[in-house]
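Chemist: Take a look at the following structure, please.
None of the figures in this text is laboratory data; all of them are computed from the coordinates on show. Computed from a prediction, not measured in an experiment: that's the story for all the values here. Using ideal geometry, Cβ is built from the backbone for each residue, glycine included, and neighbour counts are taken over all protein chains shown.
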C-alpha cells in the first residue's frame, strides 16, 4: 500500500514483480510502523553493524534508541532532495537515520573516486549513491546524531559497505551501518512474542513469513546427521525450498557442493 501511495507501483501494476525492492521496502517497513517502536523497529535497528571509525558511535546509537518510546518518531518514505531519493528516513527528538534498501539490485550510481588517502579539504566529490545520501544527511536535522544504514542481503551489503568505507566516501560526521535482511529475519524469528497483543503477534508472524518468502531465512545447521560421517566428497542438496541463504553465498537445490 505504501509503495502504491508514493507512486512506486504504476496504476496498471505493470511494474509489479516479486523482485521489486520498493514493494519490499513499503510492505516491510510500512507494516512495522503499526507497532510501538520498542516492539518493532528498535530490536531490528539494534542489530545494525556500525563502522568502526567512530568509537562512540555504537554507544550513542544504543542510548538514542533507548530514549524512543511508543510512536515518538517520524518515518518517511522516498524522501527527495538534490542528492537523490533516499528510501526512508527515521527521525526522533535527537536522532536522524537515513535508510537505503536493496533487494536484488546494486547501487544506482558509483565511480572510481577514492578518498582514503586524502585530507578532509582535499576530498573529491563522488556520485556514489551512499556518499550522496550521507551528504544529504549533513544538510538536515541540525544538532541531531545522524546515521546512514544500508539494508541489503548480506552477500551484497558486506561488499558494498566495506568498499564505500575503505574509499572514505561517507561524509563526516555521518556514521555508516549495515543491516542485512538475513539479520532482520533472525531478530524476528527469535523475538519473544509472549507478552505482545494479538495484533502485534500477527504482524511479527507475517513479516517473518515475508522474509522467508523473499529468501532471507538463514541456515541454522543440518539436523539428524549424528550417525553420518561427513567427508570432503560432494553432497547434493535437495528440498522443498529452492534456495538456502549462507553468510556469503546462495546455495541452490540439486547442485553438488564439497566440504572443505
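Chemist: Based only on the alpha carbon positions, what is the Kirkwood hydrodynamic radius of segment 107-146, in angstrom?
Modeler: Result for segment 107-146 stands at 11.5 Å.
Chemist: Label-point separation (nm) for residue 94 and residue 155, each offset 7 Å from Cα along Cα-to-Cβ?
Modeler: So the label points at residue 94 and residue 155 sit 4.1 nm apart.
Chemist: Another question, if that's okay. Along Cα→Cβ, 7 Å out, is where each label goes; now give me the distance between the ones at residue 206 and residue 47 in nm to one decimal.
Modeler: Label-label distance for residue 206 and residue 47, simple model: 1.9 nm.
Chemist: If you rank 202, 28 by fewest surrounding Cβ atoms within 10 Å, what's the result?
Modeler: 202, 28
Chemist: If we count other beta carbons within 10 Å of each Cβ, what is the order of 164, 79, 151, fewest first?
Modeler: Lowest to highest Cβ neighbour count: 79, 164, 151.
Chemist: Just to verify a number: FRET efficiency for residue 116 and residue 213, C-beta to C-beta distance, R0 = 35 Å, to 0.05?
Modeler: So the FRET efficiency works out to roughly 0.35.
Chemist: Give me the log10 of I(q) over I(0) for segment 2-189 at q = 0.15 Å⁻¹, as the Debye formula computes it from C-alpha points; what are the numbers?
Modeler: Values returned for q = 0.15 Å⁻¹ are -0.91.
Chemist: While we're looking at this one, here's another question. Measure off 7 Å from each Cα along the Cα-to-Cβ vector at residue 38 and residue 142, then give the distance between these two points in nanometres to one decimal.
Modeler: Here the modelled spin labels are 3.4 nm apart.
Chemist: Compute the label zone of residue 124 within segment 88-114: residues whose backbone N is under 13 Å from the point 7 Å along Cα-to-Cβ.
Modeler: In segment 88-114, the label zone of residue 124 (backbone N under 13 Å from the point 7 Å along Cα→Cβ) covers 111-114.
Chemist: Just need log10 I(q)/I(0) for segment 61-102 at q = 0.17, 0.20, 0.27 Å⁻¹, Debye formula, equal scatterers on the alpha-carbon atoms, no solvent, rounded to two decimals.
Modeler: Normalising to I(0) and taking log10 leaves -0.50, -0.65, -0.94.
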